[in-house]
Amino acid sequence: MSSSVVIGAQWGDEGKGKIIDILSENSDYIIRYQGGNNAGHTVVIDGESFILHLIPSGILHKGKTCIIGNGVVVNPAALIEEIEKLSARGIRVEKNLLISEQAHIIFPYHWKMDELREIAKGRKKIGTTKRGIGPCYTDKVSRCGIRMADLLDVNIFSKKLKANLKEKNAILRNVYGFKGYSFNAIYKQYMNYREKIKGYIKDTTLIINKALDKNKRVLFEGAQGTMLDVDFGTYPYVTSSNSTAGGACTGSGVGPSRIGKVTGVVKAYTTRVGEGPFPTEFSDKLMNIIRHKGKEFGATTGRPRRCGWFDTLIVKHAVMVSGITEIVVTKLDVLDGLEKIKICTGYKYKGKSCKAFPANIEMLFNVKPQYEELPGWMSDTSGIQSFNKLPRNAVRYLKRLSDLVGAKISMVSVGSERKQTLKL
Ligand code: GDP
Ligand code: IMO
Ligand code: MG
């Protein structure tokens, strides 16, 4: 089958952007199906770095159709900025980008609520990106959201915006003491956005299904990672969409029988941005070493990423809930200088072993990770060009990861450039 889904199998930022960029070469359509501009997907081409937030990473290849699916929540201001920035760098967006008419639109009251809710939560905050993602998905599920199709119909748009503002302003004023928003200002601003994006809005579900009928190669680009999935992640420290492979179907309008393979991207260690449990998190010394070697700072918010050892339980969980058929291991080079490397093979809670990834968040905060230790390879892998040339201990580490998580490795990445990729 000519379609495949690529997802993050940890907490996001596994290097999906780079891998999507590589796989895009052999794809015709690249589709983002969930999340919004909370994502930051980095692609480095000959030293030049591109960070994509909403537009599929496939846009950097000429002539590929890139689609923002119905499952994505779109901030038009962020989208326009991204289109303009890419265009200014010589990337042709106009002919190659389509947006689903069913995608929901983010409004200023969404990001304001995101921010105010986080402040109100105090120490219990989620650590969101404050991009209004959660509140926008809340409106979608509450059936009051405003979609791209509504933006095309000025009367419907105006009615829906008025109704929403009535409710949102009351909440903003009475619960959070914020002055609220004026209809006229938002209406005018969004009519401006409408002019700039209306040409991209299409029935993308039909377009994708027709492409599959013609055996076109379709690549689904996941955002965030499995542990941020609203159902299967470390709830409530998650994002508000399904970042697992199932999201590709609901977020694009393609049936499960049309999905061929599922690739899980994993870092050779683990990172997460934001609050919440992280059983294998490093202590300060190692945290600093890996954070600086791996340049672990958020691509969207610039926040330092929390780093830790590779956690087999979460990746096994990802393999199960997404039906991952193969994994890609990124950032192997970041571990180059370590004498010893640990892999978490299980957790203990109150002296008892956990057989599977626990759903109870309090348990997750208090589990004791169980480790297996492997010797490091203590040499530079960033210039290596084939899997067979990797140091023996690096191969041993990768094989062990693969065995433990129960999925074969299809690619290994040893640097951010396209050429620093070893195909198996
Ligand atoms: P994404 O959200 O999964 O696309 O990942 P991000 O782009 O947010 O973060 C991954 C970061 O790691 C980016 O800065 C990439 O350029 C970089 N990167 C990707 N693969 C590798 C690799 O194998 N080695 C190193 N050193 N950096 C990598
Ligand atoms: P990519 O696609 C890493 C995290 C936030 C926070 C939680 C909820 O680059 O992997 P949200 O703003 O989504 O409501 O925040 O999710 N988060 C990410 N962490 N990479 C991302 O995207 C993320 N998108 C959201 O830090 O903990
Ligand atoms: Mg990222």
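The values are calculated or read from the model by the stated rules, or taken from the named source; none is laboratory data. As the structure is a computational prediction, the values presented were derived from the model and not from experiment. When we count neighbours, we look across all protein chains shown, and the Cβ atoms used for this are built from the backbone with ideal geometry, even at glycine. Just the protein is used for accessible areas: all its heavy atoms, side chains included, with ligands, DNA and RNA removed. Shrake-Rupley method; radii C 1.70, N 1.55, O 1.52, S 1.80 Å.
Structural remarks
- Failed item in (1) within 21 Å of Gln102 (Cβ to Cβ); (2) over 11 Å from the mean Cα position of the chain (by Cα); (3) within 13 Å of ligand 2 (Cβ to nearest atom), with Val254 passing the rest: (3)
Rundown of residues vs (1) within 16 Å of ligand 3 (Cβ to nearest atom); (2) farther than 16 Å from Gly134 by Cα; (3) of a type in the set (Val, Ile, Thr); (4) not assigned by TED's automatic domain parsing to the domain that holds Pro358, yes/no style:
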position	(1), (2), (3), (4)
Glu221	yes, yes, no, yes
Thr234	no, no, yes, yes
Val238	yes, no, yes, yes
Ser243	yes, no, no, yes
Ser252	no, yes, no, yes
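- Just one residue in the set Asp28, Asp21 is among the acidic types (Asp, Glu) and away from ligand 1 (no atom under 15 Å from the Cβ); that residue is Asp28.
- For the stretch 13-42, the tally of residues that are surrounded by fewer than 24 Cβ atoms within 10 Å (Cβ to Cβ), touching a residue at least 40 places away in the same chain (Cβ under 8 Å) and not small (Gly, Ala, Ser) stands at 5.
Every residue, every condition in (1) open to solvent by 10 Å² or more (accessible area, probe 1.4 Å); (2) out of contact with any helix residue (DSSP H, G or I) (no Cβ under 9 Å at 6 or more places or on another chain), yes or no:
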position	(1), (2)
Ala223	no, no
Pro236	yes, no
Ser240	yes, no
Ser243	no, no
Gly246	yes, no
Thr250	yes, yes
Ile259	yes, no
Thr263	no, no
Val266	no, no
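- Note on the stretch 356-398: residues that are open to solvent by 50 Å² or more (accessible area, probe 1.4 Å), part of a helix (DSSP H, G or I) and in contact (Cβ under 8 Å) with a residue 12 or more places away in the chain total 4.
- Looking at Ile186, Ile133, just one residue is under 22 Å from the mean Cα position of the chain (by Cα) and not assigned by TED's automatic domain parsing to the domain that holds Thr205, and that residue is Ile133.
- Against the criterion of being free of Cβ contacts under 8 Å to residues at least 60 places away in the same chain and outside the structural domain of Asn38 (by TED's automatic domain parsing), Lys179 qualifies.
- Scan of the stretch 18-49 for residues that are within 29 Å of Lys112 (Cβ to Cβ) and assigned to a strand (DSSP E or B), ordered by number: Arg32, Gly35, His41, Thr42
- The stretch 141-167: number of residues that are of a type in the set (Lys, Arg) and either assigned to a loop (DSSP other than H, G, I, E, B) or open to solvent by less than 70 Å² (accessible area, probe 1.4 Å) (or both): 1
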